[in-house]
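Peer 1: Sharing a structure here in structure tokens format.
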Amino acid sequence: MKSLEDTLEFMPQFEKRGGMIPAIAQDVRDGRILMIGSVNAQALTTALETRRAAFWSTSRNTLWVKGETSGDFLEIEEILVDCDQDAVVYRVRPAGAGACHTKNAAGQARLSCFYRRVVLPPRAGVQPPSTGAPEGSPGPKAEVEDPKLQPGQDSPGRDRVAALGAVTLEILPGME
Ligand SMILES: [Zn+2]
């Protein structure tokens with residue numbers, strides 16, 4: 001028998017993940033990630049039959065066809081499955097304004113659930129670019145040892161995780 005990675009049989013590994021696997025909806029027009037959800041066998045079967053992105057709502061414990069109440073269906077053009085068949089990608093064409101239940105300033109459904117990005121803090125252990133060095137000259141070595149780290153201590157440590165509270169978000173251009 002061929003391995004999951006080699007076979008041309010569709011064998012989604014629901015049991016491996018407790019009955020559900022992640023399903024990502026991606027816009028076929030530009031590759032934008034629209035939303036992520038979970039599918040069980042029933043939701044995936046529904047998606048195959050209706051050619052519309054369907055998920056299993058873990059909060060309501062029910063089948064959920066995206067757009068069934070709003071009309072903002074995500075029409076499936078193809079479905080990808082990953083190497084070990086425990087995740088799928090719905091490649092979709094949005095039938096309505098967007099995929100998200102939130103609305104933009106114009107009152108339309110946002111195209112994607114991923115309308116905010118994390119403002120990345122400075123990279124730990126990297127010194128800011130030196131000023132005054134001649135253009136093109138090699139700067140100081142970028143990666144420096146963190147003096148606070150003891151041997152065997154992992155980075156990020158507990159204190160770093162706590163710093164997540166100080167991280168902020170910004171709305172992506174066009175998603176306001
Ligand atoms: Zn959303």
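The values are calculated or read from the model by the stated rules, or taken from the named source; none is laboratory data. Because the structure is a prediction, the values reported are computed rather than measured. Methodologically, a virtual Cβ is constructed for each residue, glycine included, from the backbone with ideal geometry; neighbour enumeration extends over all protein chains shown.
Peer 1: Mind listing whichever residues of segment 1-29 are modelled with pLDDT of 95 or more, surrounded by 14 or more Cβ atoms within 10 Å (Cβ to Cβ) and either among the charged types (D, E, K, R) or closer than 20 Å to residue 84 by Cβ (or both)?
Peer 2: Matches in segment 1-29: 12, 13, 14, 20, 21, 22, 23, 24, 26, 27.
Peer 1: Ok, one more. List the strands (runs of 3 or more DSSP E) that sit entirely inside segment 66-128 and contain at least 2 residues that are loosely packed, with under 15 Cβ neighbours inside 10 Å and either away from the ligand (no atom under 12 Å from the Cβ) or at negative phi (or both).
Peer 2: Hits in segment 66-128: 74-81, 116-118.
Peer 1: I would also like to ask the following. I'd like to verify a number: residues in segment 35-65 that are in a strand (DSSP E or B) and exposed (fewer than 14 other Cβ atoms within 10 Å of the Cβ), how many?
Peer 2: Looking only at that region, the number is 2.
Peer 1: When both residues are 6+ apart or on different chains and their Cβ atoms are under 7 Å apart, which pairs have a first residue that lies in segment 50-64 and is within 19 Å of residue 96 (Cβ to Cβ), and a second that is acidic (Asp, Glu)?
Peer 2: What qualifies is 51/75; 52/75.
Peer 1: Which condition number does residue 57 fail, the rest of (1) farther than 21 Å from residue 28 by Cα; (2) more than 16 Å from the ligand (Cβ to nearest atom) being met?
Peer 2: Going through (1) farther than 21 Å from residue 28 by Cα; (2) more than 16 Å from the ligand (Cβ to nearest atom) one by one, residue 57 breaks only (2).
Peer 1: Going by the conditions given, is residue 32 surrounded by 13 or more Cβ atoms within 10 Å (Cβ to Cβ), of a type in the set (Lys, Arg) and touching a strand residue (DSSP E or B) at 6+ places or on another chain (Cβ under 8 Å)?
Peer 2: Against the criterion (surrounded by 13 or more Cβ atoms within 10 Å (Cβ to Cβ), of a type in the set (Lys, Arg) and touching a strand residue (DSSP E or B) at 6+ places or on another chain (Cβ under 8 Å)), residue 32 qualifies.
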